[in-house]
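The values are calculated or read from the model by the stated rules, or taken from the named source; none is laboratory data. Everything numeric here is computed off the predicted structure, so don't read it as measured data. Cβ atoms come from the backbone with ideal geometry, glycine included; neighbour counts cover every protein chain shown.
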Amino acid sequence: MSTKQPAFRFAVPVLIAVLLLTPILPELALAQEATDACANATAAVSRNISGGIWIAAGFFGCIFGLVLAYAIEPNPPATALVGKSPEYVASYIDCYRSATKSKQTNSAWIGCGGCALACAIYFIGLAAAVDDSSY
């Protein structure tokens, strides 16, 4: 005794799954596009932004170099955004600014720490020289 199953019995669950997943797929594509934009922006920052300038600003400007590193908001190169979707551009700009500001401030802190260390060594040496000359 074989009973034949209707052909649409297996098609209905597949159709329901497709209808439920269809609204989710564009969101997944946008999330992937935003991830790609962020990765590209981070790579551009490591290629284009020099930490040495901000280390020097932190060393020679100390607190002023730190303030500059926090205050200056960088803009990405426009050539990286030509022909891209608005979502890609928005994500790229946000990630670029965040990564650049992080690199600027970290480098300025390193320079400021170097300045503080150099000042401490100088004043310790000065205090030792003054102490030796008083005898």
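What to note about this one:
- Meets criteria (among the polar types (S, T, N, Q) and either part of a loop (DSSP other than H, G, I, E, B) or surrounded by 14 or more Cβ atoms within 10 Å (Cβ to Cβ) (or both)) for THR35: no
- Residues within region 74-92 that are assigned to a helix (DSSP H, G or I) and within 11 Å of ASN40 (Cβ to Cβ), tallied: 4
- Sole residue being under 16 Å from the mean Cα position of the chain (by Cα), at pLDDT below 90, at negative phi and hydrophobic (A, V, I, L, M, F, W, C), chosen from ALA78, ALA99, ALA128, ALA90: ALA90
- Of the residues contained in region 50-57, one or more are found to be surrounded by 10 or more Cβ atoms within 10 Å (Cβ to Cβ) and either modelled with pLDDT under 90 or on the phi > 0 side of the Ramachandran plot (or both).
- Single unsatisfied condition, ALA34 versus (1) modelled with pLDDT of 60 or more; (2) hydrophobic (A, V, I, L, M, F, W, C); (3) farther than 20 Å from PRO86 by Cα: (3)
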